[in-house]
Amino acid sequence: MREGSSGSMNVADAMTPRSEVVTVTIPGTRDDALEYLQEQAFSSVPVIKETDDGEEFRGIISRDALIESPDEDQLALLVEEVPAISGDTSIEAAAQVMVEDGERRLPIVDGELKGIITVTDVIRSIANGNVDGDKVVDELANRDINCVYEGTPLTVAERELSHANVPYGVVLGDDGDMSGMLTEVDIIAVARVVEGEDDTGDSIANQDDDWAWEGIKAVGGRYMPTRNVELPAEPVHEFMTADVVTVNKRRTAEEAAQLMIEHDIEQIPLLSGDELTGIVRDIDLLRGL
C-alpha cells in the first residue's frame, strides 16, 4: 500500500466513502459489471468477495477489460489489481499515483475497503480550489489529438480508439472541422453482449461479422457457445456529442476542472480562435499538481 504524505488535503476528505461505493461481487458475470457501467457511465467498478472474515477488496473491472475480452464471462477473470492507498495520503500524492500507474480509481484501504478516490474526485478538488489549479491549460494540453471521421461506422471507430489507447475521438466532418466528440462512455452505452453458437471449423470464427471484436480459436469441427459484444454499425455522427465544450489557452486548470464537473466530461478540446490546437484531458490536469 502507498503510504500517506503531507499535502493541502487528504484523500479521506475527497473520497467516495464505502457506504456510497457501488460494487460487484465475486462470483458474478460480466453482465453485472456491464449494466453498472452503462447506467453510471463510470470507467470501472470495484470488485469484492464476501469471506468468513468479512468483505475483501479484490480489484476493479474496467470498461477496457469488458471491451477487450468480450468472450470472458466470469468476473474473477476480468479483475485487475490496482494500487491501494491510505486515507491520509494527500490529494497531490494520489494524483501522482494515478498518473504514473494509469489508474482512474484508487481504493482507500485500512484493513478493509474504506472508500474510493477517483480522477473525478481529484478534478472536483481542483474545481473547488482545494488544491492548486492556477496553471493555464495551454501548458497542460496534449498536442496529439485523436480524431475520427463522422461517417466512420461505430464498430470501426471503437477499434480506432482502442488502437490509439485513448477514451475519446474528436469527430471531424467532411470539411475537416470539429463536428463533435465520441467517447468510451458513448460506446459502452450502446454495447450489447450477444450469445450464440458458432461452427468453429478450422479457422477463427466470426471474422466476417463486422460487429465481432473477437472470434474463437479453432478446436475442431464443433459448435461452441460464444459471447461477443455487439455494436451498432451506424456512423459515428449518430452517437457523438455534437455540442462540444471547449476551452481557450488562457483558461486555468481550475476553470477547466469546473467545466468538466459541470458537464460531466473527461476531456475538453483546446481552441485557438476556431482552430483545434490540443486536447485537455482530466488526467492532464492531475499532471499539473
Could you calculate the contour length gain from Glu238 to Ala164, that is, 0.36 nm times the residue separation minus the distance between their Cα atoms, to one decimal place in nm?
-> 24.5 nm
Hey, could you pull the Cα Rg and Dmax for the stretch 11-127, both in Å?
-> 13.9, 42
Label-point gap, in nm, between Leu271 and Glu112 - each point 7 angstrom along Cα→Cβ = 5.1 nm
Just going by the charge dipole of the stretch 11-127, with Lys and Arg at +1 and Asp and Glu at -1 on Cβ, which of Ala12, Gly111, Val22 is farthest out on the positive end?
-> Ala12
Evaluated at 10 °C and 1.306 mPa s, the Stokes-Einstein D of the stretch 85-187 based on the Kirkwood radius over Cα pairs, in µm²/s, stands at 98 µm²/s
With r defined as the distance between the Cβ atoms of Glu50 and Asp138 and R0 fixed at 45 Å, what FRET efficiency is calculated, to the nearest 0.05?
-> 0.35
What dipole magnitude, in Debye to the nearest 20, does the stretch 11-127 give about its Cα centre under +1 on Lys/Arg Cβ and -1 on Asp/Glu Cβ?
-> 380 debye
What is the gain in length, in nm to one decimal, between Ser69 and Ile261 on full extension, counting 0.36 nm per residue of separation less the C-alpha to C-alpha distance?
-> 66.1 nm
Arrange His263, His237, His163 by Cβ neighbour counts within 10 Å, fewest through most, would you?
-> His163, His263, His237
Relative contact order of the stretch 99-177, pairs being alpha-carbon contacts under 8 Å that are 6 or more residues apart, as % = 19 percent
Provide the FRET efficiency to the nearest 0.05 for the Arg250-Arg124 pair, computing r from the beta carbons and using R0 = 30 Å.
-> 0.85
Excluding residues fewer than 8 positions from Lys135 in its own chain, the aspartates and glutamates with Cα under 15 Å of it are Glu92, Glu254, Glu255, Asp282, Asp284
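Where a number appears in this text, it was derived from the coordinates with a stated rule and is not lab data. Small disclaimer: the values here were computed from a predicted structure and weren't measured. A quick note on method: Cβ atoms are made from the backbone with ideal geometry, for glycine too, and the neighbour counts reach across all protein chains shown.
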